[in-house]
Structure formats: structure tokens, C-alpha cells
Amino acid sequence: MKFFVKYAIILVIALFLYSCNIFSPDYEHFDNISLRGDNKTVKGLMQNFVYSYTFKDSFLYEELLHDDFTFEYDNDGTPETWNRDEDIRITKRIFRNFKNIDLVFNTTFPDSTNFEETTVFTSFNIGFYSGDNIVNFTGFSRFIYQKVHISEDSSVYKIKYWEDLR
């Protein structure tokens, strides 16, 4: 009888783990959050960008960046840049160190474009919540999106360049 109970418990645990991904947020159970976007449009890509910050989903965030991604910012008068790998490493640290992150872009992103590269200037508000402390920033950015062809008749947009304009 012990043998049967032991394997029944293992089977129940295995079925539970198979039925849900415990490492990914259950997006449908959050209020005021629209459905995930589709990277086939710039608008959908940026919707996923907000999702990745809201749910601190580094796997989703990585999907959004072009292989040749560059982030640029002004470090007290000195331009600084980093590449995709460094940006992912830094973003993962941000996601781990804050309890909640609230990001809002103050721009309507295009649903469609016929260009291989698209540039959008935007302002944003971002709040970092660590439990007791809340830090809010308002900023301006320039994004360059690159259309990446997956197959002959399918393409997605990726963020190729992100400049913090302060």
C-alpha cells in the first residue's frame, strides 16, 4: 500500500507541474493588463516590452532585443553604451531587486510600417517598488526597431537601438 501512495503522490505532482509553468507569470489573472502583444508590429513589440517589466519576465525581454542591440545613455556628459548581453544581465538584476516595476510609455506606437527600420521617440514613466521605498522616474527615449525576417512570408520586429535621452 505504501508503494501505491508514494507513486500516486509523485504522479499528482508531475501532472501539476506539467499543467502549469511555475516559472512564468499567469498573465490572465492580472487586472488592467491587456493581452500580450505580437512582435509582428512595433506596437505589439512595445506591449511585450511593458509586459516584461511588469511581470519581470527576462525570457520575454530577451526575445525583444535584436542580436546587434545597443543601449546608449549620457553618463554626466560622457556617452556610454552597452550591448545586448550586458543589457540582459543588467535588466535581470533590475528585475530581481525590485518587488514591482510599473512602466508606462506616453506614445502610441505604430501598428504597421513598410520600413525595415523604424524610429520612435517616446516619453515614459517608470516606478520601482522595493517594498518600503518607491522611486519614480520620467524619461525620454529613442528606439530603433529592425524588421527581422523569420521565413519568406513572416517577420517580427526587434529593438535594435535604445537611447536614453533623459
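Please go through (1) closer than 30 Å to residue 155 by Cβ; (2) more than 13 Å from the chain's Cα centre (by Cα); (3) part of a helix (DSSP H, G or I) for residue 72 and return the number of the only condition it doesn't satisfy.
(3)
Out of (1) free of Cβ contacts under 8 Å to residues at least 24 places away in the same chain; (2) more than 23 Å from residue 165 (Cβ to Cβ); (3) surrounded by 13 or more Cβ atoms within 10 Å (Cβ to Cβ); (4) not hydroxyl-bearing (Ser, Thr, Tyr), what's the single condition that is false for residue 92?
(1)
Can you tell me which of 148, 120, 104 is part of a strand (DSSP E or B) and out of contact with any Ser or Thr (no Cβ under 9 Å at 6 or more places or on another chain)?
104
Any residue that is modelled with pLDDT of 95 or more, surrounded by fewer than 18 Cβ atoms within 10 Å (Cβ to Cβ) and touching a helix residue (DSSP H, G or I) at 6+ places or on another chain (Cβ under 6 Å) - is there at least one of those in the stretch 80-89?
Checked against the condition, which is being modelled with pLDDT of 95 or more, surrounded by fewer than 18 Cβ atoms within 10 Å (Cβ to Cβ) and touching a helix residue (DSSP H, G or I) at 6+ places or on another chain (Cβ under 6 Å), the stretch 80-89 yields at least one hit.
Using the structure shown, decide if residue 136 is exposed (fewer than 12 other Cβ atoms within 10 Å of the Cβ), free of Cβ contacts under 8 Å to residues at least 24 places away in the same chain and either basic (Lys, Arg) or touching a strand residue (DSSP E or B) at 6+ places or on another chain (Cβ under 8 Å) (or both).
Answer is yes for this residue.
Hey, any hits in the stretch 109-116 for a residue that's touching a residue at least 40 places away in the same chain (Cβ under 8 Å), outside any strand (DSSP E or B), out of contact with any helix residue (DSSP H, G or I) (no Cβ under 7 Å at 6 or more places or on another chain) and not basic (Lys, Arg)?
Looking through the stretch 109-116, at least one residue is touching a residue at least 40 places away in the same chain (Cβ under 8 Å), outside any strand (DSSP E or B), out of contact with any helix residue (DSSP H, G or I) (no Cβ under 7 Å at 6 or more places or on another chain) and not basic (Lys, Arg).
Does residue 118 satisfy the criteria of being closer than 13 Å to residue 50 by Cβ and surrounded by 14 or more Cβ atoms within 10 Å (Cβ to Cβ)? Give the steps one after another, and end with the answer.
Values: closer than 13 Å to residue 50 by Cβ: no; surrounded by 14 or more Cβ atoms within 10 Å (Cβ to Cβ): yes.
The answer is no for residue 118.
The values are calculated or read from the model by the stated rules, or taken from the named source; none is laboratory data. On a predicted model such as this, the values are computed, not experimentally measured, just so you know. FYI the Cβ positions are ideal-geometry reconstructions off the backbone, even for glycines, and counts take in every protein chain you see.
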